[in-house]
Amino acid sequence: MLPWRPMAERPKIDRARVEHVARLASLSLDAPEVDAMVAELGRILEYVEKLGEVDTDDVPPMTGLSAGTTLRPDEVQPGLSQAEALGQAPRPSSGGFAVPRFLDAPKTGR
């Protein structure tokens with residue numbers, strides 16, 4: 001976990017950062033969408049900053065599940081047949097799901 005630092009010492013979310021991350025994620029954002037992301041991510045970081053101000057000195061660290069958590073037992077359940085699984089597929093192909101190609105898609109914004 002990274003050490004806590006006041007927001008003033010952290011990098012700000014600006015248009016350049018949003019555009020950079022959008023390029024890395026192959027997202028095409030127009031100017032209003034970039035502005036909206038800058039504002040929304042800024043609000044998220046402000047909230048995280050407020051959470052960093054909460055006094056947690058007397059709160060023990062929590063790891064794993066608490067003893068009172070009840071989980072359902074793992075049991076084998078019947079699955080779908082191939083016909084059932086492909087029955088609602090928009091484009092079944094050769095006994096499987098047809099999806100658009102993306103590995104050979106041209107890179108955008110680079």
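Miscellaneous remarks
- For segment 18-36, the candidate set comprises residues that are under 26 Å from Leu103 (Cα atoms) and touching a residue at least 12 places away in the same chain (Cβ under 8 Å); within that set, the residue that is surrounded by the fewest Cβ atoms within 10 Å (Cβ to Cβ) is Ser28.
- Long-range neighbours under 7 Å by Cβ, at least six apart or interchain, first residue free of Cβ contacts under 8 Å to residues at least 40 places away in the same chain and loosely packed, with under 10 Cβ neighbours inside 10 Å within segment 90-102, second part of a strand (DSSP E or B) and of a type in the set (Phe, Trp, Tyr): none
- Residues that are among the hydrophobic types (A, V, I, L, M, F, W, C), farther than 11 Å from Val18 by Cα and in contact (Cβ under 8 Å) with a residue 24 or more places away in the chain, drawn from segment 37-56: Leu45
Every read-out reported here was derived from the displayed coordinates using simple, explicitly stated rules and does not represent laboratory data. Fair warning: this is a prediction, and the values are worked out from it, not measured in the lab. In this analysis, Cβ positions are derived from the backbone assuming ideal geometry, glycine residues included, and neighbour counts consider all displayed protein chains.
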